[in-house]
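J.: Here it is, the structure, as structure tokens.
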Amino acid sequence: MSPAWRCLVAFALLASPLAAVSQTASVPAFEDSIEQRMKACVVCHGERGGGVANAAFPRLAGQPANYLAAQMKAFRDGVRTYAPMNFLMARQTDAYLDEIAAWLAAQKPDGGVVEARRRFTPDPAAMTAGEALVRNGRPDAGLPACSACHGADLNGTMPGIPALAGMPRDFLIEQVGSWKTGAHRSPEPNCMAQIAQRMSGADIVAAATWLALQQPTGLPTRRSGPLPLACGSE
Ligand code: HEC
Ligand code: HEC
């Protein structure tokens, strides 16, 4: 299904509680629960937000609730742009988006998503370089380790830094690439833009290749100690 079709299906589902009102008594009652409404997201984000193997769509399950809520509000307000997401989030209230974020944060990532990617053999040089960059950074270039903020296990850190483990490679490349070009705006100081500017194209591909094959192992942890760079969204 193309992204445009996926979006139309999703919009119909997200709006379906209204349609349910006009149904006759002979039709089984529509269960208007958050779980039902989140079926609108399955085509792109997987069952219960658990992720999909073969597309540039991020997993949502188990991400910090604060982070998910902030991103949905950024799409709604046009600060972050991806047309289907802008369309779906338009006119949703803060309270509804906070409720969705809390539900998604409590779901488990789908481990099968990462396993399905292992059918392809990644470039071994990119895997080695990617792991070194993620775990150690490059201190002489002012590039901190990704794990210093995203967590030793890359499951994300509370209150608002997202997990990177098991995110799709193309999604990771696109996000970091768009911070590098300035297309992706985050609250100032925009630490991810500074980090992206200190990475080459090959660095971004290497880190993304390795990260996409890491199994998420749990929920975000609470950090102790300061971040290596100030981040406005924390
Ligand atoms: C047509 C496919 C599609 C549908 C349907 C869709 N999304 Fe998305 N969503 C995306 C893509 C692609 C991105 C990443 C966009 C970008 O490049 O910034 C995204 C990003 C997000 C993010 C930010 C995640 C992150 O890690 O940065 C959240 C939260 C989100 N979507 C929630 C939802 C919810 C909730 C629904 C259902 C109501 C939904 N999405 C439906 C495609 C979709
Ligand atoms: C100084 C702390 C810090 C470091 C170091 C860091 N990040 Fe981040 N990262 C963040 C913050 C904060 C966000 C959330 C940005 C926002 O709110 O828009 C983020 C978001 C991201 C996202 C978006 C994920 C999603 O689900 O939307 C990606 C991808 C990412 N970082 C990749 C990396 C990579 C790769 C590295 C290492 C090269 C790295 N980060 C190092 C703080 C950091």
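The values are calculated or read from the model by the stated rules, or taken from the named source; none is laboratory data. Since the model is a prediction, treat every value here as computed from it, not as a measurement. Cβ: placed from backbone, ideal geometry, glycine included. Neighbour counts: every protein chain shown. Ligands, DNA and RNA are excluded from the accessible area calculation, which covers all protein heavy atoms including side chains. Shrake-Rupley method; radii C 1.70, N 1.55, O 1.52, S 1.80 Å.
J.: Please specify each residue of the range 218-234 satisfying the condition of being within 16 Å of ligand 1 (Cβ to nearest atom) and not small (Gly, Ala, Ser).
T.: Within the range 218-234, Leu219, Pro220, Cys231, Glu234 meet the criteria.
J.: Just checking, does the range 186-198 include any residue being among the hydrophobic types (A, V, I, L, M, F, W, C), over 24 Å from Ser224 (Cβ atoms) and within 16 Å of ligand 1 (Cβ to nearest atom)?
T.: Taking every residue of the range 186-198 in turn, at least one turns out to be among the hydrophobic types (A, V, I, L, M, F, W, C), over 24 Å from Ser224 (Cβ atoms) and within 16 Å of ligand 1 (Cβ to nearest atom).
J.: So which residues in the range 51-68 are away from ligand 2 (no atom under 11 Å from the Cβ) and surrounded by fewer than 22 Cβ atoms within 10 Å (Cβ to Cβ), if there are any at all?
T.: Result: Val52, Ala53, Asn54, Ala55, Ala56, Ala65.
J.: Right, next: Given the criterion of a type in the set (Lys, Arg), within 14 Å of ligand 1 (Cβ to nearest atom) and either open to solvent by 20 Å² or more (accessible area, probe 1.4 Å) or modelled with pLDDT of 95 or more (or both), identify the matching residue among Arg138, Arg76, Arg117.
T.: Working: Arg138 fails: within 14 Å of ligand 1 (Cβ to nearest atom); Arg117 fails: within 14 Å of ligand 1 (Cβ to nearest atom).
Result of the check over Arg138, Arg76, Arg117: Arg76.
J.: Still on this structure, I have one more. Among the numbered criteria (1) outside the structural domain of Thr81 (by TED's automatic domain parsing); (2) surrounded by fewer than 16 Cβ atoms within 10 Å (Cβ to Cβ), which one does Ala106 miss?
T.: Only one criterion in (1) outside the structural domain of Thr81 (by TED's automatic domain parsing); (2) surrounded by fewer than 16 Cβ atoms within 10 Å (Cβ to Cβ) is unmet by Ala106, namely (1).
J.: Now for a separate question. When you look at Arg135, is it of a type in the set (Lys, Arg) and within 15 Å of ligand 2 (Cβ to nearest atom), yes or no? Reasoning before the result, please.
T.: Values: of a type in the set (Lys, Arg): yes; within 15 Å of ligand 2 (Cβ to nearest atom): yes.
Considered against the rule, which asks whether it is of a type in the set (Lys, Arg) and within 15 Å of ligand 2 (Cβ to nearest atom), Arg135 comes out as yes.
J.: Tell me the helices (runs of 4 or more DSSP H) entirely within the range 145-210 that contain at least 1 residues that are in contact (Cβ under 8 Å) with a residue 60 or more places away in the chain.
T.: 147-150, 169-181
J.: Same structure again: Condition first: open to solvent by less than 30 Å² (accessible area, probe 1.4 Å) and of a type in the set (D, E, K, R). Now tell me which residues in the range 176-232 satisfy that.
T.: Asp203
J.: Thr128 versus (1) of a type in the set (Val, Ile, Thr); (2) open to solvent by less than 30 Å² (accessible area, probe 1.4 Å); (3) outside the structural domain of Glu35 (by TED's automatic domain parsing): which is the lone unmet condition?
T.: Failed condition: (2).
J.: Given the criteria outside any loop (DSSP other than H, G, I, E, B), over 16 Å from Gly51 (Cβ atoms), out of contact with any helix residue (DSSP H, G or I) (no Cβ under 6 Å at 6 or more places or on another chain) and not basic (Lys, Arg), does Ala74 qualify?
T.: Judged against the criteria, Ala74 is a match.
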